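Read the structure below first, then the notes.
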């Protein structure tokens, strides 16, 4: 009985020691929540995200992972242009290479949306690299999700004609297909992070955000007869973020 | 840490304040067409929409071979982002934006681009563009 008690005490105290030091698996994971705000001309955004990254490589300097992000975008009198199909808006439509395709602006109509306000919930993918214990950099991009937001009016200008649609609304479905193939509202960031302590980090952010809205009562009629009611604003903005590690 | 949160809150509040509504200048203008202007339409009295007060007349002139719209003895309730339109309909669907309303009172002149058919674009509208709200209108005769 005495030996069993001693054995039990030794077993429990060993478990206690193991629980206090992180397991090898835990060290390879970087989980954090982040709040980011950006501002531009008559527009801004706030994004709340949760990130779950895995550290990879021998020195575990690289990170890759997944996350979820809620982005709220708001603006006043912002110009949106023809969102697609991509064969109307760009000189070629090869996925990924479409980033470098020429702009077919002669096919673009402009929708000046008076008060766009959207909330997008998207799954995201994240990449990071640690330069040192304190400094890291990274990139993240939304993959798929949904958007809700308010209806507002928009002034559609094309072929010298100006018309108002009182019911312009955000596109509901978001999907990353690259460049002008994208659907909906998608957020992406390049960032530089500075670790303040074990729990908190600050980020400097360059944001590239696609905001998409649809007209309800009006459509663009392209030169080839295609009817289009999707319009996109590509936003470049700078901001800051604060992260809390778990 | 507390200072960081305060700083972020101030930055966010600044963003929101930047979205505040701006009204039209509450001044009295006195721009006159002068003797070189020839009336193209009669003077048409404005009518107000519910909750607003728009008074005075609108008249189109030919001045220096260009069409201009004159708002005469004009007065309107102030509001954000007020614009002057020539429109095909009483509610702005197909329209020509003559620009932001420059003053809430007095005599004002707005250049009309091109030579639109005034039998089609026969409505003059005072419209809050940002909030899509019609303040007043008149029909050119």
**Request:** Given the conditions (1) in a strand (DSSP E or B); (2) buried (at least 16 other Cβ atoms within 10 Å of the Cβ); (3) more than 14 Å from every other protein chain (Cβ to nearest Cβ), report the number of the one that residue A:165 does not fulfil.
**Result:** (3)
**Members of the stretch A:196-213 that are assigned to a strand (DSSP E or B), touching a residue at least 40 places away in the same chain (Cβ under 8 Å) and over 15 Å from residue A:35 (Cα atoms)** = A:209, A:211, A:212, A:213
**Residues that are on the phi > 0 side of the Ramachandran plot and either surrounded by fewer than 17 Cβ atoms within 10 Å (Cβ to Cβ) or within 14 Å of chain A (Cβ to nearest Cβ) (or both), drawn from the stretch B:80-111** = B:81, B:99
**Message:** Name the residue that is surrounded by the fewest Cβ atoms within 10 Å (Cβ to Cβ), counting only residues in the stretch B:65-79 that are in contact (Cβ under 8 Å) with a residue 40 or more places away in the chain and assigned to a loop (DSSP other than H, G, I, E, B).
**Reply:** B:78
**Request:** Look at residue B:62 and say whether it is within 14 Å of chain A (Cβ to nearest Cβ), out of contact with any helix residue (DSSP H, G or I) (no Cβ under 6 Å at 6 or more places or on another chain), at pLDDT 90 or above and surrounded by fewer than 19 Cβ atoms within 10 Å (Cβ to Cβ).
**Result:** no
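Touching a residue at least 12 places away in the same chain (Cβ under 8 Å), in contact with a strand residue (DSSP E or B) (Cβ under 9 Å, 6 or more places away or on another chain), within 14 Å of another protein chain (Cβ to nearest Cβ) and assigned to a loop (DSSP other than H, G, I, E, B): which single residue out of A:157, A:216 fits that description? Spell out the reasoning first.
Details: A:157 fails: assigned to a loop (DSSP other than H, G, I, E, B).
None of the other options fit; the residue is A:216.
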**Message:** Can you say whether residue B:114 is at positive phi and either surrounded by 20 or more Cβ atoms within 10 Å (Cβ to Cβ) or at pLDDT below 95 (or both), as far as the supplied structure shows?
**Reply:** yes
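Every residue, every condition in (1) out of contact with any strand residue (DSSP E or B) (no Cβ under 9 Å at 6 or more places or on another chain); (2) free of Cβ contacts under 8 Å to residues at least 40 places away in the same chain; (3) over 27 Å from residue A:97 (Cβ atoms), yes or no:
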{"site": "A:121", "(1), (2), (3)": "no, no, yes"}
{"site": "A:150", "(1), (2), (3)": "no, yes, yes"}
{"site": "A:180", "(1), (2), (3)": "no, no, no"}
{"site": "A:236", "(1), (2), (3)": "no, no, no"}
**Message:** On the basis of being within 14 Å of another protein chain (Cβ to nearest Cβ) and buried (at least 22 other Cβ atoms within 10 Å of the Cβ), does residue A:245 make the cut?
**Reply:** no
**Request:** Identify the residue in the stretch A:72-95 that is within 14 Å of another protein chain (Cβ to nearest Cβ) and under 22 Å from the mean Cα position of the chain (by Cα) and, among all such residues, is surrounded by the most Cβ atoms within 10 Å (Cβ to Cβ).
**Result:** A:73
**Message:** For the list (1) assigned to a strand (DSSP E or B); (2) away from every other protein chain (no Cβ under 14 Å); (3) over 17 Å from residue A:120 (Cβ atoms), I need the number of the one condition that residue A:39 fails.
**Reply:** (2)
**Top-ranked residue in the stretch A:105-122 [being modelled with pLDDT under 95 and closer than 19 Å to residue A:183 by Cβ; ranked as nearest to the other protein chains (Cβ to nearest Cβ)]** = A:109
**Asked** Does the stretch A:145-153 include one or more residues that are part of a strand (DSSP E or B), surrounded by fewer than 18 Cβ atoms within 10 Å (Cβ to Cβ), in contact with a helix residue (DSSP H, G or I) (Cβ under 8 Å, 6 or more places away or on another chain) and on the phi < 0 side of the Ramachandran plot?
**Response** no
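For residues that are outside any strand (DSSP E or B) and either away from chain A (no Cβ under 11 Å) or closer than 20 Å to residue B:90 by Cβ (or both), tally how many sit in the stretch B:112-129. Show your work before the answer.
Kept after step one, since they are outside any strand (DSSP E or B), are these residues of the stretch B:112-129: B:112-122, B:129.
Then drop every residue that is not either away from chain A (no Cβ under 11 Å) or closer than 20 Å to residue B:90 by Cβ (or both), which leaves B:112, B:115-122, B:129.
Number of matching residues: 10.
So is residue B:136 out of contact with any strand residue (DSSP E or B) (no Cβ under 7 Å at 6 or more places or on another chain) and either closer than 28 Å to residue A:158 by Cβ or crowded, with 21+ Cβ neighbours inside 10 Å (or both) or not? First the steps, then the outcome.
Details: out of contact with any strand residue (DSSP E or B) (no Cβ under 7 Å at 6 or more places or on another chain): no; either closer than 28 Å to residue A:158 by Cβ or crowded, with 21+ Cβ neighbours inside 10 Å (or both): yes.
The answer is no for residue B:136.
The values are calculated or read from the model by the stated rules, or taken from the named source; none is laboratory data. From a predicted model like this one, the values you see are computed outputs, not experimental measurements. Using ideal geometry, Cβ is built from the backbone for each residue, glycine included, and neighbour counts are taken over all protein chains shown.
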